Structures are given as C-alpha cells and as structure tokens.
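Peer 1: Sharing a structure, written as structure tokens. Questions coming.
No value in this document is a laboratory result; all are computed from the given coordinates. Treat the numbers as computed from the prediction; the structure is a model and nothing was measured. For neighbour counting, all protein chains shown are included, and Cβ atoms are generated from backbone atoms with ideal geometry for every residue, glycine included.
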C-alpha cells in the first residue's frame, strides 16, 4: 500500500496487562534524490507521493529556478534504495545552483541543515510588497479552514504521522491539500502544484497543520504568499523573517481563534505578488 503513502506493519499493542496482535498503518518515508541536469543536488526524506510537484516546489522555494519556465522536464525514477527525481533546468539556473555550493543531504525537519557557513543563511528576505487584494482573516474563517483541513487529510487519518499544507482562497475555502512526513515537503508539494497550475500566489494563503518554523516562512515569502496560518506555535526566527518579508503570520489557528504575530501593517508597498511563471 506504499502507493497510498503508507505501509502495513504487524504490531503488538500493549494496554494494561493485555497484548493484542494488530496491523498498523505507518506513513511511508523514503530517500528522494533531486538530480538537476544529471548532478545530484539533495537527498530528502519524503513520502513518495506527488513527487513531481515536490521537485518543482523545492526548486522554486530554494531559489534554484526563478520560475516553472526554467524547468524543462521532470522524471520520477523509482529504485531499490529510494527514488530519483530528475529535472532538466535552464543552463542559467544550473550554473547558479552549482555556484551556491550547498549540500542539503538528509534534511528532514530542518531548513538549514547542510549549509556550509552562517554567511550562506538567507535570513534577510526582500520585502515582498503589498498584495493587490489584502486578505482579512476572522476567527470564524480560520475555524472553517481548520475544520476543512482535518477532513482532507486521508494519510493523517490512516497513520497519525504526517503534516499537511493547504492552499486557501481569500475566504478561507480550501482549494488544494498535500501531505508528507516532512512539513516543508508538504509545503513544497503544494507550491509545486500551484506553480504548475499557474496559480496567482497573491490570491490566497497557506494553512499548515504544523508549527511555523524558519524554513516554512522563508519558502512562503519567496513565493510572495501574503499570509501563512498554522495550527501550532511559531519560532522566534519565523516571526522575525515574516516581519522582515511583510508576510502576515497567524498561529494557534484553532476553534476559539488565532494569534497574529505579524500583521498586514508590516507589508512594504513595492512589487505586487506574482505567479511562478
């Protein structure tokens, strides 16, 4: 059942003095190598679903390409020890990627693992500009989004062990949801899907089932997404980056409301959000 994103495992369930033999569904996690123009760039631990969207999203949010137009081909090649996703990208993007000299092998939950020096950390994002149509969240709207997100996580329902990233319209209606064992992978899958569909990233917001950490905020800001909402808490660096970028950050989005850590007032009026063309 790995094609569903989970596998069945025989387990022994202990409850008090009783032991029951059962079958448990466990989230699938495999090494996924991202290979650009024949050169392996990163190995990520991911759920083997929606890997083309994942590769496109990763390429965009990590700044490897400036738009989907620089990605000429994406091919998923399963192997015995993992999966290779082979991308053909523009020569400009490929040469720039090689110059960055980043080694990201084994990144599972950390957005900066493998960076060779502190100087290479991207901690000062450019202000992304005021959106053409500013989203006005309300507790009722965020409650509806949270309820809808829970109902659209089949992998989470089966395993209890994955994260979800959702794209919501300005009214909070869920338009797309992607799941993965890694919260940043789920976001990359979502962004890759939206970019391939030529979605306007300024016309909605991202809702995450996880906490708000540095790499999630940075990925959203790079795509000029005006608002990021999360079920759990933010980190101090996530708040700092969101404020610098002009991204509205809402966390603890639950039944009774939410906490706003950065607001629309921090948005600097420069360029409007764009599509990932």
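Peer 1: Cα gyration tensor of the stretch 1-98, axes a ≥ b ≥ c as square roots of the eigenvalues: rounded (a/c below 1.5), prolate (a/b > b/c) or oblate?
Peer 2: On the way: a/c = 3.64, a/b = 3.27, b/c = 1.11.
Taking the square roots of the gyration eigenvalues as a ≥ b ≥ c, the stretch 1-98 is prolate.
Peer 1: If each residue's Cβ is checked for other Cβ atoms within 10 Å, how do 94, 178 rank with the fewest at the top?
Peer 2: 94, 178
Peer 1: Using the Cα gyration tensor of the stretch 139-260, with a ≥ b ≥ c the square roots of its eigenvalues, what is the shape: rounded (a/c below 1.5), prolate (a/b larger than b/c) or oblate (neither)?
Peer 2: Working: a/c = 1.27, a/b = 1.13, b/c = 1.12.
Cα axes put the stretch 139-260 in the rounded bin.
Peer 1: Would you please put 144-155, 218-229 in order of how densely packed they are, using the mean number of other Cβ atoms within 10 angstrom per residue and starting with the highest?
Peer 2: Numbers: 144-155: 17.1, 218-229: 24.8.
Result, highest mean Cβ count within 10 Å first: 218-229, 144-155.
Peer 1: First measure r as the distance between the Cβ atoms of residue 259 and residue 173, then evaluate 1/(1 + (r/R0)^6) with R0 = 25 Å and state the FRET efficiency to the nearest 0.05.
Peer 2: Working: r = 22 Å, r/R0 = 0.89.
It comes out at approximately 0.65.
Peer 1: For Cα extents along the principal axes in Å, which listed value, (i) 63, 50, 35; (ii) 47, 41, 40; (iii) 52, 47, 35, comes from the coordinates shown?
Peer 2: So the structure-derived entry is (i).
Peer 1: So, one more: If you take the beta carbon distance between residue 11 and residue 196 as r and set R0 to 41 Å, what does 1/(1 + (r/R0)^6) give as a FRET efficiency, to the nearest 0.05?
Peer 2: Numbers: r = 38 Å, r/R0 = 0.93.
Once rounded, the FRET efficiency stands at 0.60.
Peer 1: For a footprinting-style exposure proxy, rank 90, 59 by other Cβ within 10 Å, fewest first. Write out the running numbers ahead of the final one.
Peer 2: On the way: 90 16, 59 30.
With the fewest neighbours first, 90, 59 line up as 90, 59.
Peer 1: Right, next: Looking at the stretch 139-260 only, what percent of DSSP beta bridges run antiparallel? Nearest 5 please. Walk me through the numbers before you get to the answer.
Peer 2: Details: 13 of 20 bridges.
Looking only at bridges with both residues in the stretch 139-260, the antiparallel portion is about 65 percent.
Peer 1: Let me ask something else about it. Where does each of 214, 72 land when they are ranked from fewest to most other beta-carbon atoms within 10 angstrom? Working shown, then result.
Peer 2: Numbers: 214 22, 72 11.
With the sparsest Cβ surroundings first, the list reads 72, 214.
Peer 1: Give me the number: length gained by fully extending residue 90 to residue 150, i.e. 0.36 nm times residue separation minus the C-alpha to C-alpha distance, one decimal in nm. Intermediate values should be presented prior to the final figure.
Peer 2: Numbers: separation 60, 0.36 × 60 = 21.60 nm, distance 3.88 nm.
Contour length minus the Cα-Cα distance gives 17.7 nm.
Peer 1: Could you grab the relative contact order for the chain? Cα pairs under 8 Å, six or more apart, rounded to a whole percent.
Peer 2: Details: 650 pairs, mean separation 53.6, N = 277.
Answer for the chain is 19 percent.
Peer 1: Just check the stretch 120-198 against the gyration tensor rule for me: Cα atoms, a ≥ b ≥ c as the square roots of the eigenvalues, rounded for a/c under 1.5, and otherwise prolate or oblate depending on whether a/b exceeds b/c. Provide the component values of the computation, followed by the final result.
Peer 2: Values: a/c = 1.88, a/b = 1.18, b/c = 1.59.
In terms of gyration-tensor shape, oblate.
Peer 1: Here's something else I'd like to know. Tell me, what are the semi-axes, in whole angstrom and largest first, of the equivalent ellipsoid of the stretch 1-43 as set by the roots of 5 times the Cα gyration tensor eigenvalues?
Peer 2: 38, 11, 5
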